[in-house]
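**Student:** This is the structure, below, for whatever I ask next.
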Amino acid sequence: MRKKVLAALLAAAVAGTTVMSGMTVFAAETEGTKAEGGNITIAETADPQNINPLYVVDQTSFDMMQALYSPFFEIVNGEMYYGNGLCESVTANDDASEFTLKLKDGLKWHDGQPITADDVVFTMQVLVDEKQNVPYSSYGYVNDKAVEAEKVDDLTVRLSLGSSSAGFLGGLSQVYCIPKHIYDGVENIGESDLNNEPVGSGPFKFEEYKSGEYFKVTKFDDYFDDVNLDSITFKIVKDSSSANAALASGDLDARLISADDYDTVSAYDNVNINTYNSGRVNAMFMNELNKDLQDVKVRQAIAYALNKEEFCQFAFLSEDYAEPADSIFTPDTLYYTKPDNTYDNDPAKAQELLSEAGKTSLSLNLMYISTDKTMESEALYVQSALANVGITINLLPTDESTFKNKTKDPECTDYDLVLSFYTLGEEPSLYADMSSSDSRSNYSRIKDTDLDALWEEGNSTADETKRGEIYKEIQNTINDNMYIYPIAYSNGFYAVSKDFGGFDECLLKTIYYDYSKIYALEK
């Protein structure tokens, strides 16, 4: 556990320095000379839901959005990184209750208008405006108080938090600026038709979108850094077998692949596979709108009925692809601690708890994305393992769009258990999104005011020792109550045509991409 990451982050912010250690990416060497321009086709599994960065809540939209918008900055391996960001520096006062953002000079929106402090202030105001219903609004609050944004000059903004916040920079790194001159005065930005033709700040600008077919972006000539490619076409291919075949034939140039696809794709002569730490947690959520699942003994019994090592072997085929997860945090998350009790592999204990709860014959619906092979394998394992303790699992394979709509609906009772995954990075306060009472990704529908208070305390506490104790208690609380069953920490695999290079630089961390770094090779 990197106990000094927080101190290093704040020290870097105080000094205004740019530091980055880089993420380890294992890839075959790219042979050839970098070409001028070029076009790449990248597969996505679904249509985007909303490209406006303040309203992106699905992976597909997030992938595409990163080509169109630049973050303020990134935090990579626990360090400040300004390379692909709008900020030149972020400086903090002594107690981290105030941060000053300095923008790079000469930044432009895709329509040619300058990016200024007015846009930053506007974005922060929209973030905390309850009427705008921004899903990331919690990143703009500290101790229930909205962060105040003040323009200092055209390139400088002061953010006043009202109190110290150790987790603020982690949240701010996930906030993307939107243009004031486009959205000023719009009452419901999230539902606005303006989002259909986005005006961004990133290395590529919007070109064309055809539902069910593709989303195309082209090079933005006034981007503040070099951009190698002329365009990116995000092609929508819902079926992984079809996507693999297109990759083999050259109709697709790149796609994220699962462990199930690895052996197939690695045999293609025209493809390299980039392997990296995905920062991803595969997990099963237990919907407490089901009265049976409101009983903690039932939730614990479900966990005891599963063998996590066997589970990972069945779903991911090999420990080379994933390792058993014991916390909702990833091991590289600040203050990660293995919970005291992992409730693993004790079917007799599972049956005992079910008997005590008076639930010896349960039937539960398990929902997952039908096109995700790993989820399908996970679902089959859960069905088999729980049958051994008398629980019947009805499988609900669901198309990705319906899956997203159901998990977003806080009143949905169509599923009792749901398989999902998340990638939230190294800042622990961001994981509150999975388990806070009113958070957008609380698929278990947890209502625990004590846990909510712990999340708030962890975010606002600056003392490292105390903060570590709080996050240890959070991890134990979630595990003891079995609100979320963590399954695996999985590796990421990005398959890319040998006609392209630069993915080792493009993959900043986990699911965060800098598409400007990808380049075509001369043929």
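**Student:** When the dipole is taken about the Cα centre of the chain, and only Lys, Arg (+1) and Asp, Glu (-1) are charged at their Cβ, what size is it in debye, to the nearest 20?
**Tutor:** Dipole about the Cα centre, nearest 20: 380 debye.
**Student:** Still on this model: Tell me the relative contact order for segment 278-491 as a rounded percent, counting alpha carbon contacts under 8 Å between residues six or more apart.
**Tutor:** 37
**Student:** Among 446, 474, which comes first, second and so on when ranked by fewest other beta-carbon atoms within 10 Å?
**Tutor:** 446, 474
**Student:** Here's something else I'd like to know. Quick check: pseudo-label points 7 Å beyond the Cα along Cα→Cβ at residue 409 and residue 150, how many nm apart are they?
**Tutor:** According to this spin-label approximation, the distance is 4.7 nm.
**Student:** As I understand it, the dipole of segment 201-300 uses +1 on the Cβ of Lys and Arg and -1 on the Cβ of Asp and Glu, about the Cα centre. Which of 266, 231, 285 lies farthest toward its positive end?
**Tutor:** Working it through, the farthest residue towards the positive pole turns out to be 285.
**Student:** Same structure, new question: If I take R0 = 35 Å and measure r between the Cβ atoms of residue 191 and residue 245 in this structure, what FRET efficiency does the formula 1/(1 + (r/R0)^6) give, to the nearest 0.05?
**Tutor:** 0.40
**Student:** If you don't mind, another one. Please list, in chain and number order, the residues 5+ apart from residue 41 or on another chain whose amide H is under 5 Å from its amide H, with Hs placed from the backbone.
**Tutor:** Amide H to amide H, under 5 Å and 5 or more residues apart or across chains, residue 41 pairs with 233, 253, 254.
**Student:** Per 0.36 nm of contour for each residue apart, how much would the distance between residue 95 and residue 314 grow if the chain were fully extended, relative to their Cα-Cα spacing?
**Tutor:** Taking residue 95 through residue 314 to full extension adds about 74.0 nm, to one decimal.
**Student:** Exactly which GluC sites (Glu not before Pro) in segment 186-280 are in a DSSP loop and have at most 10 other Cβ atoms within 10 Å?
**Tutor:** Hits after loop and neighbour filter: 187.
**Student:** State the extension gain, in nm to one decimal, for the chain segment bounded by residue 402 and residue 143, taking 0.36 nm per residue of separation less the distance between their alpha-carbons.
**Tutor:** 89.7 nm
**Student:** Here is a follow-up. Rounded to the nearest 0.05, what FRET efficiency do residue 392 and residue 450 have when you use their Cβ-Cβ distance and R0 = 41 Å?
**Tutor:** With a Förster radius of 41 Å, E is 0.80.
**Student:** May I pose another question? Label residue 344 and residue 440 with points 7 Å out from Cα along Cα→Cβ: what is the distance between them in nm?
**Tutor:** 3.2
**Student:** For segment 410-487, which GluC sites (Glu not before Pro) pass both filters: DSSP loop (anything but H, G, I, E, B) and at most 12 other C-beta atoms within 10 Å?
**Tutor:** Answer in residue order: 411.
**Student:** Enumerate by residue number the trypsin sites (Lys or Arg not before Pro) in segment 427-456 meeting two conditions: DSSP loop (anything except H, G, I, E, B), and at most 13 other Cβ atoms within 10 Å of the site's Cβ.
**Tutor:** 447
**Student:** What is the dipole size for segment 278-491, taken about its Cα centre, with +1 at each Lys and Arg Cβ and -1 at each Asp and Glu Cβ, in debye to the nearest 20?
**Tutor:** With Lys and Arg at +1 and Asp and Glu at -1, about 500 debye.
**Student:** Percent relative contact order of the chain, based on C-alpha pairs within less than 8 angstrom and at least six residues apart?
**Tutor:** Normalised by residue count, the contact order of the chain is 21 percent.
A short reminder: the numbers here are calculations on the coordinates, not readings from a lab. A quick note: this is a predicted structure, and the numbers were derived from the prediction, not measured. All Cβ positions, even for glycine, are placed from backbone atoms using ideal geometry, and neighbour counts span all protein chains on display.
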